[in-house]
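Below is one structure, written out as structure tokens; the observations come after it.
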Amino acid sequence: MRLALFDLDNTLLGGDSDHAWGDYLCARGILDPVEYQNRNDAFYQDYLAGKLDLQAYLNFSLEILATTEMAQLDEWHGDFMRDCVEPIILPKALALLKKHRDAGDKLVIITATNRFITGPIAKRLDVETLLATECEMVDGRYTGRSIDVPCFRDGKVTRLRRWLEENGLNLEGSHFYSDSMNDLPLLEQVDNPVAVDPDPNLRAEAEKRGWPVISLRD
């Protein structure tokens, strides 16, 4: 079975769902709209610059999960999907997913953003397999900590390799679509790396290596 791997934020989505979740919480007064927003923006700039301290960011961003009842989190996430995610779902991304689905490929979303945020998004995109940064749960509640290898940079390769072994699959003929230089380690692993609306560093790398560069934006 041939694999079609997709980054999520700024690839299949016309924005970053992780950052947008913070914006959503601030816009509704759930979190401090000044202090939290400033820190959230600073972490996002570090991510774009390729210098994100992921563990520091996870400690910051997952705290709200630990302090909130599951029913409330689910309600917020439903509103977040409607108000923030649906507007950034790209029609061309849906068409690309359909193209690979119709070709009989196995679709996988592989993202650094945590599973709480991305699980419903993957379901909305009709992609069954999601590899994401995992949130620890104890007795049906989030603890505010992450578990397992974060699905970020080299961690994406680690998590994917383990998943491949568990499922008896390989990367022969595989595609991986991403916008970010942070995903270079995984782009180097697949037979068909594709830069999607790439950041400047990835665009330069793709042009140097002769990788396709495409846009899914309108």
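The values are calculated or read from the model by the stated rules, or taken from the named source; none is laboratory data. Here the structure is a predicted model, which is why all the values come from computation and not from measurement. Heads up, the Cβs are rebuilt from the backbone with ideal geometry, glycines too, and the neighbour counts pull from every protein chain shown. When the accessible area is computed, the model is the full protein with side chains, heavy atoms only, and any ligands, DNA or RNA have been set aside. Shrake-Rupley method; radii C 1.70, N 1.55, O 1.52, S 1.80 Å.
Brief remarks on what is shown
- Within the range 95-114, the set of residues being in a helix (DSSP H, G or I) and more than 15 Å from PHE6 (Cα to Cα) comprises just one member, ASP102.
- Selection over the range 121-148 of residues that are without any contact (Cβ under 8 Å) to a residue 40 or more places away in the chain, assigned to a loop (DSSP other than H, G, I, E, B), more than 23 Å from PRO193 (Cα to Cα) and touching a helix residue (DSSP H, G or I) at 6+ places or on another chain (Cβ under 8 Å) gives a count of 1.
- Being surrounded by 15 or more Cβ atoms within 10 Å (Cβ to Cβ), out of contact with any strand residue (DSSP E or B) (no Cβ under 6 Å at 6 or more places or on another chain) and in a helix (DSSP H, G or I) is not true of THR118.
- The set of residues in the range 169-202 that are in a loop (DSSP other than H, G, I, E, B) and of a type in the set (D, E, K, R) comprises GLU172, ASP179, GLU188, ASP191, ASP197, ASP199.
- Pairs with Cβ under 8 Å, 6+ apart, first in the range 40-52 and within 21 Å of LEU25 (Cα to Cα), second among the polar types (S, T, N, Q): ASN40/SER61; PHE43/SER61; TYR47/ASN182
- The residue list TYR36, TYR47 contains one member that is surrounded by 14 or more Cβ atoms within 10 Å (Cβ to Cβ), within 15 Å of ALA112 (Cβ to Cβ) and not assigned by the TED database to the domain that holds ILE117, which is TYR47.
- Considering the range 17-38, and only residues there that are in contact with a Ser or Thr (Cβ under 9 Å, 6 or more places away or on another chain) and touching a residue at least 40 places away in the same chain (Cβ under 8 Å), the residue that is farthest from ARG82 (Cα to Cα) turns out to be ILE30.
- Residues in the range 186-202 that are in contact (Cβ under 8 Å) with a residue 24 or more places away in the chain, β-branched (Val, Ile, Thr) and either closer than 21 Å to ARG159 by Cα or out of contact with any helix residue (DSSP H, G or I) (no Cβ under 8 Å at 6 or more places or on another chain) (or both): VAL190 only.
- Criterion (surrounded by 14 or more Cβ atoms within 10 Å (Cβ to Cβ), among the polar types (S, T, N, Q) and over 30 Å from LEU187 (Cβ atoms)) met by exactly one of THR111, THR11, THR68: THR68
- Within the set GLU166, GLU205, the sole residue that is open to solvent by 20 Å² or more (accessible area, probe 1.4 Å) and either in a loop (DSSP other than H, G, I, E, B) or touching a helix residue (DSSP H, G or I) at 6+ places or on another chain (Cβ under 9 Å) (or both) turns out to be GLU205.
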